[in-house]
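**Student:** Have a look at this one.
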Amino acid sequence: MRLIVAAFQDVPEETWGRSAGELEWDCWETVEHLADDMFCYALQLSAPNPPLDSYVPTLMTCQRDG
C-alpha cells in the first residue's frame, strides 16, 4: 500500500480526469477499476469456501454515469 501511495502522491489533481492512454476511461476510473479487481481477487482467495465456478458474491454500485 505504501508503494501505491508513494507512486501517486505527487500526481497533480487535474490530471486524474485525463484520458488513460487509449482507454475510454479517465485515469481515476482506471485506478479505481484496478483497485476493484485487486479487492475481488483478495476476496476470492480469502473466503473459507469460495465457489469454484463463480466469484464470491459482492455488491458494487456505480457512482457516476457510464
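The values are calculated or read from the model by the stated rules, or taken from the named source; none is laboratory data. Every value quoted in this text rests on a predicted model; they were computed, and no experiment measured them. Ideal geometry is used to build each Cβ from the backbone, glycine not excepted, and the neighbour counts take in all protein chains shown. Areas reflect the complete protein model, heavy atoms only, side chains present, ligands, DNA and RNA absent. Shrake-Rupley method; radii C 1.70, N 1.55, O 1.52, S 1.80 Å.
**Student:** Have a look at 26, 53 and point out the one that is among the charged types (D, E, K, R) and either open to solvent by less than 100 Å² (accessible area, probe 1.4 Å) or touching a residue at least 40 places away in the same chain (Cβ under 8 Å) (or both).
**Tutor:** 26
**Student:** Could you check residue 64 against (1) at pLDDT below 90; (2) surrounded by fewer than 12 Cβ atoms within 10 Å (Cβ to Cβ); (3) assigned to a helix (DSSP H, G or I) and say which number it fails?
**Tutor:** Of everything listed in (1) at pLDDT below 90; (2) surrounded by fewer than 12 Cβ atoms within 10 Å (Cβ to Cβ); (3) assigned to a helix (DSSP H, G or I), residue 64 misses just condition (3).
**Student:** Evaluate the following for residue 19: is it on the phi < 0 side of the Ramachandran plot and exposed (fewer than 11 other Cβ atoms within 10 Å of the Cβ)?
**Tutor:** no
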